[in-house]
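Working notes, structure below.
The values are calculated or read from the model by the stated rules, or taken from the named source; none is laboratory data. Only a predicted model underlies this, so the values are computations on that prediction, with no experimental measurement involved. Neighbour counts are summed over all protein chains in view; Cβ atoms, including those assigned to glycine, are modelled from backbone coordinates with ideal geometry.
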Amino acid sequence: MRQNPPFNMDYITATFLLEKISNKTQIINDPFAVRNMPEKLYSINFLKLMPPTIFTRSVYEI
């Protein structure tokens, strides 16, 4: 399920609904993981494998 923008309240609601039916329906990507582990921030789970990194919206922090 891909939407533009990919993350809004409709998207979040859909992941909760998909999570409720996941025991009765084959769902490839776990709705909980899709909702709670955004791909751009998932890498922070592997800090020991990463070079020095900054997550920022500000060009001045770089």
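What is the residue count in the range 7-38 for residues that are among the charged types (D, E, K, R) and assigned to a loop (DSSP other than H, G, I, E, B)? Summing the residues that are among the charged types (D, E, K, R) and assigned to a loop (DSSP other than H, G, I, E, B) in the range 7-38 gives 2. Output yes when any residue across the range 34-46 is at pLDDT below 90, of a type in the set (Gly, Ala, Ser) and within 15 Å of the chain's Cα centre (by Cα), and no when none is. For the range 34-46, residues at pLDDT below 90, of a type in the set (Gly, Ala, Ser) and within 15 Å of the chain's Cα centre (by Cα): present. Within the option set Phe55, Phe16, Phe46, being out of contact with any Phe, Trp or Tyr (no Cβ under 8 Å at 6 or more places or on another chain), surrounded by 10 or more Cβ atoms within 10 Å (Cβ to Cβ) and at negative phi holds for one residue only, Phe16. Pairs are defined by a Cβ separation below 6 Å, a sequence spacing of at least 6 or placement on different chains, a first member in the range 15-40 that is under 29 Å from Phe55 (Cα atoms) and in contact (Cβ under 8 Å) with a residue 12 or more places away in the chain, and a second member that is of a type in the set (Ser, Thr, Tyr) and surrounded by 14 or more Cβ atoms within 10 Å (Cβ to Cβ); the pairs so defined are Pro31/Thr15; Val34/Thr15; Arg35/Thr15. All conditions in (1) within 14 Å of the chain's Cα centre (by Cα); (2) surrounded by 10 or more Cβ atoms within 10 Å (Cβ to Cβ) hold for Met9, with the sole exception of (2). Among the residues making up the range 39-62, those that are among the charged types (D, E, K, R) and not in a loop (DSSP other than H, G, I, E, B) are Lys48, Glu61.
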